[in-house]
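One structure is given here, and the rest of the page talks about it.
The values are calculated or read from the model by the stated rules, or taken from the named source; none is laboratory data. Bear in mind the structure is a predicted one, so any value in this text is a computation, not a measurement. When we count neighbours, we look across all protein chains shown, and the Cβ atoms used for this are built from the backbone with ideal geometry, even at glycine. Areas reflect the complete protein model, heavy atoms only, side chains present, ligands, DNA and RNA absent. Shrake-Rupley method; radii C 1.70, N 1.55, O 1.52, S 1.80 Å.
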Amino acid sequence: RKTIFSGIQPTGVLHLGNYFGAVQRWVELQETGEEVIFCIVDLHSITLPQDPKTLHSQIITMAASLVACGIDPSRAVLFQQSRVSEHAQFNWVLGCLTTMARLGHLPQYKEKSASLKEIPLGLYVYPVLQSADILLYRATHVPVGEDQRQHIQLAAHLARVFNNKFGQTFVLPRSLVYDDSIARVKSLRQPDKKMSKSETDPKSRINLADSPDEIREKFKKAVTDFTSAVYFDAENRPGVSNLMSIHRAVTGQSMEQISRECEGVNTAQYKLLVADAVIEHLRPIRLRLEQLLSDRAHLNHLLDLGADKAKTIASKTWQDVREKVGLLHK
Ligand code: TYM
């Protein structure tokens, strides 16, 4: 049987990149009857400064957003990372098997640390903790966006290193990445970059909780180019092509159908067309999210149950790891 595991940082609500690159896939995988485990990675999020006054409420909002998107806590294990202490403990053991050179080469680290004068140690070991997340549940498949591919490769590498040193323990996890443009949704303001919550301009991303007016406004301001015809050319026309990818993802149409629909439409008109399609797609999610957020006690309860289920699995692996490493008598 497959074990599907993935994680997301508690950034409040999801943006369209998280949604199409990862979460929508999680919901599909949940329907396959495989074991599915989804983690709100709060320990990862504090590798960059977070406001203690809002962090917990962001965790709750992320849980609500995932449920609003279709994650069903009775079928999937949905939990908060820091409530399962084995993640941080196993991180230590894996850190002892990782070289600094390997971590320094990872693109996300290079990107995130480039603008910092003082680089926190946590940012550096971030991918080791991520490997601990994955291996603790003996995950076979990890559905993520394109940007996470190398991190999953590190997890597979560390599984191999562990097995070689201490005997067969882990299966090697594989990433599941969409092999098309939706694996990397672009920023609406800088279409050569990925859509991300760390870009300062809020108009660069669509959040799942944005109102229809906000969504329309953001698409109107989306950066395209000086050609008014609408056609797909990801390399030379990243802005328009990104809109078309989003359009395709929300309508479920093929790129040919989308292209046909766009004949005779100029980019200004097209932006509004895509905005409307996105608004329609997100409407039920936004309504469910509002409902869920009105009952915080229920959300807390879901996270309690999730933590119990996760802990049961993680503690078994951790026991096995300690025995294999020699920390615990067999
Ligand atoms: P995070 O929180 O940045 O993003 C969550 C998921 O969304 C995907 N994603 C995107 N996909 C397409 N286009 C985009 N513009 C875009 N932006 C984000 C990400 O690829 C990711 O799948 N390190 C992880 C969290 C993590 C994790 C794990 C993931 C921690 N432990 C274990 C898998 C397994 C992260 O920062 O995701």
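Computed from the mean reciprocal separation of all distinct C-alpha pairs, what Kirkwood hydrodynamic radius does the chain have, in Å?
Numbers: mean 1/r = 0.0479 Å⁻¹.
Here the Kirkwood hydrodynamic radius works out to 20.9 Å.
Rounded to the nearest 5, what is the percent of antiparallel bridges among the DSSP beta bridges in the chain? Don't skip to the end; give the middle numbers.
Details: 3 of 17 bridges.
DSSP beta bridges in the chain are roughly 20 percent antiparallel.
Stretch Gln150-Ser294 to full length: gain in nm at 0.36 nm per residue minus the Cα-Cα span?
Extra length available between Gln150 and Ser294 comes to 48.0 nm.
Compute the helix-to-body angle for 149-166: its Cα long axis versus the longest principal axis of the chain, expressed 0 to 90° and rounded to tens.
Approximately 10 degrees, to the nearest 10.
To the nearest µm²/s, what D does Stokes-Einstein give for segment 139-203 at 37 °C and 0.692 mPa s, using the Kirkwood radius over alpha carbon pairs as Rh?
Result for D is 239 µm²/s.
For segment 195-305, what number of Lys pairs, 8 or more residues apart or on separate chains, have alpha-carbon atoms under 13 Å from each other?
6
Please report the relative contact order for the chain, taking Cα pairs under 8 Å with a sequence separation of at least 6, and give it as a percent rounded to a whole number. Working shown, then result.
Numbers: 505 pairs, mean separation 70.8, N = 330.
Relative contact order of the chain: 21 percent.
Of the accessible area of the chain, with the probe set at 1.4 angstrom, what percent is carbon plus sulfur? Mind dumping the intermediate values first?
Details: 8140 of 15470 Å².
Whole-percent figure for carbon plus sulfur exposure: 53.
Restricted to Cα positions, what overall size does segment 2-115 have along the principal axes? Three whole-Å values, descending.
Between the extreme Cα coordinates on each principal axis of segment 2-115 lie 40, 35, 27 Å.
With only Lys, Arg, Asp and Glu charged, each at its Cβ (+1 for the first two, -1 for the last two), find how big the charge dipole of the chain is about the Cα centre; round to the nearest 20 debye.
860 debye
Give me the dipole magnitude in Debye, nearest 20, for segment 115-195 about the Cα centre, with unit charges on the beta carbon: positive for Lys and Arg, negative for Asp and Glu. Let's see the in-between values first.
Numbers: 11 positive and 7 negative charges, 14 e Å.
Around 60 debye, computed over segment 115-195.
Rounded to the nearest 20 Debye, what is the dipole magnitude of segment 59-177 about its Cα centre when Lys and Arg each give +1 and Asp and Glu each give -1 at the C-beta?
On the way: 11 positive and 7 negative charges, 58 e Å.
Once rounded to the nearest 20, the dipole reads 280 debye.
Counting C-alpha atoms alone, how compact is segment 62-199: give Rg to one decimal and Dmax as a whole number, in angstrom.
16.3, 50
May I ask for the Kirkwood hydrodynamic radius of segment 191-256, worked out over all distinct Cα pairs and given in angstroms to one decimal?
In segment 191-256 this quantity evaluates to 12.9 Å.
Could you pull out the trypsin sites (Lys or Arg not before Pro) across segment 97-133 that fall in loop regions by DSSP (anything but H, G, I, E, B) with no more than 12 other Cβ atoms inside 10 Å?
In loop regions of segment 97-133 (DSSP not H, G, I, E or B), the sparsely surrounded trypsin sites (Lys or Arg not before Pro) are Lys117.
Specify which residue in the list Ser294, Cys262, Ser228 is farthest towards the positive end of the charge dipole of segment 213-308, using unit charges on the beta carbon of Lys, Arg (+1) and Asp, Glu (-1), about the Cα centre.
Ser228
Over all directions, average the projected area of the Cα convex hull of segment 178-298 and note it in nm².
On the way: hull surface 33.4 nm².
One quarter of the hull surface, i.e. the mean projection, equals 8.3 nm².
Name the residue from Gly239, His151, Asn164 whose Cα lies farthest towards the positive end of the charge dipole of segment 120-252, charges +1 on Cβ of Lys and Arg and -1 on Cβ of Asp and Glu.
Final value for the positive-end residue is Asn164.
When N is the residue count of segment 84-151, what does its C-alpha Rg come to as a fraction of 2.2 N^0.38 Å?
Working: Rg = 12.5 Å, N = 68, 2.2 N^0.38 = 10.9 Å.
Against the empirical 2.2 N^0.38 Å value, I get 1.14 for segment 84-151.
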